[in-house]
Amino acid sequence: MRRQAALPLGALMLAASVSAWAQTTPQPKSGGTGADQVLPTVEVKASRENESKESFRATTTTIGKGNQELRDVPQSVTVITERLMSDRNLDDFRDVLRNTAGVTFQAGETGEEDIRLRGFSLGQAGDIYSDGMRDGTLYERDTFNVDRIDVLKGSASMLFGKGSTGGVVNQVSKQPFLTNQNEVSYTVGTGQDNRLTGDFNVVTGENAAFRLNAMVQDADNWGAEQKKQGVAPTFSWGIGTRDEFSVGLYYLESDGRPLYNHPWVINNGHIVETVPAKNYYGLASDHLNTSATYGTIAYTHRFDQNSQLKTQLRHGRYERDLLASAVGFCNGVTGNASQRAACPGQQIVRLDQVNDNTVLSRAPKGRIGVSDTTQLTSDYSGNFIWGGLKHELLTGVDFYQEDAKRNNAFTTGLTFPFTKVGTPNDGATVADTRGNPAFNTFDARDIGLYVQDMVSIAPTVKLLGGLRFDRFTASYQTPTGTSNERSDNLWSPRVGALYQPSNWASYYVSYGTSYNTSGDAYQFTPTFGNDQRTAANTPPEKSRNFEVGGKWDLFENRASLGVAAFYSEKYNERNLDPDTASTQQLLSGKRHAAGMEFNLAGRITPKWEVFFNHTWIPDAKIDESNQVLAANGGGAQVKGDRPGLTPKNSGSLWTTYLVMPKLRLGAGLTYRGEQNPEGSRAVTADSFVVADAMAEYTIDQTWSAKLYVSNLTDKLYADTLYRGFYAPGSPRRVQLTLKAAF
Amino acid sequence: MLLRLKNVLTREELATARSLLESGAQWVDGRSSAGGQAVARKNNEQLAQDSDASRRLQALVLNAVQRDPLFFSAALPRKIFNPLFNRYSGASNHYGAHIDGAVLHSRNPSQWVRTDISCTLFLAEPDEYDGGELVIQDPQGEQRIKLPAGDLMLYPGTTLHQVTPVTRGARLASFFWVESMVRGGEQRRLLFEMDMALLKLRNALGEQEPSVVQLTGTYHNLLRMWADT
């Protein structure tokens, strides 16, 4: 029951005394008494440009193309607003996803590639977007220019083309708006972390504005250094008018050393973490240098009655150069000759064997890649009456061209020295003698055409139908000149129905499909000859997603709740797991994940804000596989197993309370249930809960100070998993932020 | 100030209204309610005021606007004219440019109402008829308005307005006037804008925030200065 609605003062004053005007007393609604009559909530939406800065809750999204009310999207969507990112210091894109239910991470890939949603890979197929366009893989993303991040869960190839088995993640860039507003923020934290960001929006004309976001960060991180700098200027004119234009540039560079992994010991099948999370055992000469540079031109033409045509053109270059140390316990018993010489007799199988003198081996891991992409999207969204029914039409075309070069195992001739547990960050260096990398090249083009119509067949019922066609063409070439070509014609349907009995409730069912072209997963290994398993010339893998759910506006329309049940199934016949970059045959044919999603965001009371999301996957199984069970019962997952990186429960809670007009306190929990690494059925990582806390003090209209402590208990846990090692979650960090808004 | 209020009528109320208007309603020549100058420009049909259907519809509409907080905030009503109902179709299909009479007599309850604010509540969907736009001469220019059934348009009674000819189907609407406690349109507009801004602040900061309390007081004091009861 929605009572005590926030009412305009004029209404509060007069509502009680009005019935004298009506000749008859108002009839109570059926099923209620007169006393039950509730004044409807008046929702005065904050202007859109401020919504993300002011609330954990978003009411509209662009993830379904066009601009839609979240209640009109028949799928689970989790929106992480700028306010949430700012509250929790979520500077790194992966940190944002770490606080999103259903997301897990494969270790060892160091880039952004192996993030999973509902157990399905996100990054490999290019499911990470920026402003509705494919974001380049390879680089270390930062949130300094991000207004909000939309996570759409479940298959959505109808909207996005290839990919999207588990869902897609869209980063929405900050856009100029028609108010002068500036923000500068400086954070100092443990690990000698210094970060300065600026967000400047300047009105330059009647309908024109310029926005500049910039960031510089320098963190020591106890050895796993990271230096980042980014700048993103955007100029828009004709804002809010019939014809709106925008020109923007984006540059982000990140140089550092990755903490590639830590070794584990196994106790009764469970991963036991061995060394403190902050210990860095890589070389001083290790590096992970990435960059992204792109320019965007956008044009929006608005027709009458909420119809618009938005066209965007973007060209960008994305680069990565990684040379890292994969760290393991030196095995002086069964290891190779150099290991036996370096640590004679050492064989670590229990935690109590690990001490400062335990010898660690370092194996070089090198990856290098460059991608040049050009993208054009043109989306029309319009409302019209046709045949007496209201239609919301979405149609468009997108074009994508990627020229990529990769070498994913570039370590020729390198040998890394051993070290000891007691000497983290030992300063050792190795000269890079690799020379020029030999590249696999990959040129891909995709053109997609889509149309979707949402028809209101009754005031409360909407039917949704959509279809997309893609033509995907790719050519592959190895350094030795072996080449291959492939093209696919693909149809992606989507259907759904929405029942919206009131302006605060929406119920839906939906069905959508998705596919992964093999060129994405194996683009850089066009193998031929006897072993066709890893050949790029394989038909696309297909998936489908069923979902039923409801979305409600609660607490006088201050918060949104979404609950959904889903069934995601990957059902293609390809006997390969495209979710892993290995050439090993891991999975086959079919697997599924079924469960529920819960999302709550907004204010419970004006002072109490909550962001909560939870994914519960009680049922996930590999239904068909030709993986043979290893003789010792270990090895990779086989038919009947639960897929790796698919915990039953995962969730995140963040809540703040304005305890005094100037003091806001916050606390959060992030939870992930136990899970197996991909490719290691007998090894389990324990569940973990990480607690964070915040205190923010508003000094005056301009200044505010915030103290944030992440991982309060300094919990040591396996955050990202690979089949032989893990990388720990961040140790306890204390960050102090001083912010000026003017 | 022109203001559109969405979904003033619920779907059920709209259905009830439509069935009352369509099943044996007594339609009379609209010129019966027009003043001397307007008679020449008015060409529509109106629901007989004393009919049973009319009385039930009036209660329904008054009940609906009474529920609508935005209506209160924008109109600050002192008296509301008993709602009337009209139909533009066939040969009776338009109402030329006119200004509503300054003071009109409302039958239920019997009282004189100064027409500070005009209201049009659309009862037919826009696709049910062609033409029939409410055209308002605003200082900013001409506004052409055609709203979904159930939505209400609120505009100053001082404006010159018209309904363009309906060339297909039937345009059904309810219309009435409000005498506001705040006579001046500019003052009403300022109060409305302040009220809306305060609503945002109250939602964001809570009712107890001292600056919110102070501003709320200012709103009431302005109302005290300008309102007649």
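The values are calculated or read from the model by the stated rules, or taken from the named source; none is laboratory data. The structure displayed is predicted, hence computed values, not measured ones. So basically every Cβ, Gly included, is an ideal-geometry build from the backbone, and we count neighbours across all protein chains shown.
Quick notes on this one:
- Qualifying positions in region B:197-229 - of a type outside the set (A, V, I, L, M, F, W, C) and crowded, with 17+ Cβ neighbours inside 10 Å: B:ARG202, B:ASN203, B:GLU209, B:THR216, B:TYR219
- Filter result for A:ARG314 (closer than 30 Å to A:ASN67 by Cβ and modelled with pLDDT under 95): no
- Test for A:ARG471: is it in contact with a Ser or Thr (Cβ under 8 Å, 6 or more places away or on another chain) and more than 30 Å from A:LYS278 (Cα to Cα): yes
- Hits in region A:292-311 - residues which are out of contact with any Phe, Trp or Tyr (no Cβ under 6 Å at 6 or more places or on another chain) and at pLDDT 95 or above: A:GLY295, A:THR296, A:ILE297, A:ALA298
- Only one of the listed residues (A:GLU54, A:GLU43) is facing another protein chain (nearest Cβ under 10 Å), surrounded by fewer than 21 Cβ atoms within 10 Å (Cβ to Cβ), out of contact with any Asp or Glu (no Cβ under 6 Å at 6 or more places or on another chain) and modelled with pLDDT of 75 or more. That residue is A:GLU54.
- Scanning region A:564-589 for residues that are surrounded by fewer than 17 Cβ atoms within 10 Å (Cβ to Cβ) and modelled with pLDDT of 50 or more yields A:ALA565, A:TYR567, A:TYR571, A:GLU573, A:ASN575.
- Some residue of region A:271-287 being surrounded by fewer than 20 Cβ atoms within 10 Å (Cβ to Cβ), of a type outside the set (S, T, N, Q) and more than 30 Å from A:ALA431 (Cβ to Cβ): yes
- Positions within region B:64-81 being within 7 Å of chain A (Cβ to nearest Cβ) and part of a helix (DSSP H, G or I), in sequence order: B:GLN66, B:ARG67, B:PRO69, B:LEU70, B:PHE72, B:SER73
- Some residue of region A:98-109 being within 22 Å of A:LEU376 (Cα to Cα) and within 14 Å of the chain's Cα centre (by Cα): no
- Residues that are without any contact (Cβ under 8 Å) to a residue 40 or more places away in the chain and not hydrophobic (A, V, I, L, M, F, W, C) number at least 1 in the following strands (runs of 3 or more DSSP E) confined to region A:250-369: A:287-302.
- Considering only residues in region B:91-129 that are assigned to a strand (DSSP E or B) and modelled with pLDDT of 90 or more, the one that is surrounded by the fewest Cβ atoms within 10 Å (Cβ to Cβ) turns out to be B:ARG114.
- Condition check for B:SER19: assigned to a helix (DSSP H, G or I), exposed (fewer than 15 other Cβ atoms within 10 Å of the Cβ), modelled with pLDDT of 85 or more and among the small types (Gly, Ala, Ser): yes
- Test result for A:ARG148, in a strand (DSSP E or B), in contact with a strand residue (DSSP E or B) (Cβ under 6 Å, 6 or more places away or on another chain) and of a type in the set (Lys, Arg): yes
- Looking at A:THR441, A:THR429, A:THR433, just one residue is without any contact (Cβ under 8 Å) to a residue 40 or more places away in the chain and farther than 23 Å from A:ALA292 by Cα, and that residue is A:THR433.
- Cβ-Cβ contacts under 6 Å between residues 6 or more apart (or on different chains), taken from a first residue in region A:451-478 that is within 14 Å of chain B (Cβ to nearest Cβ) and without any contact (Cβ under 8 Å) to a residue 60 or more places away in the chain to a second residue that is surrounded by 15 or more Cβ atoms within 10 Å (Cβ to Cβ) and outside any strand (DSSP E or B), are listed as A:PRO459/B:ARG11.
- Looking at region B:134-229, the strands (runs of 3 or more DSSP E) lying wholly inside it that each contain 1 or more residues that are in contact with a Pro (Cβ under 6 Å, 6 or more places away or on another chain) and either touching a residue at least 12 places away in the same chain (Cβ under 8 Å) or within 11 Å of chain A (Cβ to nearest Cβ) (or both) sit at B:171-180.
- Residue satisfying all of: in region B:160-196; charged (D, E, K, R) and surrounded by 18 or more Cβ atoms within 10 Å (Cβ to Cβ); farthest from A:ALA11 (Cα to Cα) among these: B:ARG171
- Residue list for region A:64-81, filter: part of a loop (DSSP other than H, G, I, E, B) and of a type outside the set (D, E, K, R): A:GLY64, A:GLY66, A:ASN67, A:VAL73, A:PRO74, A:GLN75, A:SER76
- The strands (runs of 3 or more DSSP E) located wholly in region A:640-712 that include 3 or more residues which are within 14 Å of another protein chain (Cβ to nearest Cβ), touching a strand residue (DSSP E or B) at 6+ places or on another chain (Cβ under 8 Å) and under 21 Å from A:VAL610 (Cα atoms) occupy A:649-660.
- Candidates B:ILE136, B:ILE99, filtered to the one that is under 14 Å from the mean Cα position of the chain (by Cα) and farther than 27 Å from A:GLU556 by Cβ: B:ILE136
To keep it simple, each residue is scored yes or no on (1) without any contact (Cβ under 8 Å) to a residue 12 or more places away in the chain; (2) within 13 Å of another protein chain (Cβ to nearest Cβ); (3) more than 19 Å from B:LEU123 (Cβ to Cβ).
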position: B:ALA15; (1), (2), (3): yes, yes, no
position: B:LEU47; (1), (2), (3): no, no, no
position: B:ASP52; (1), (2), (3): yes, yes, no
position: B:LEU62; (1), (2), (3): no, yes, no
position: B:HIS94; (1), (2), (3): no, no, no
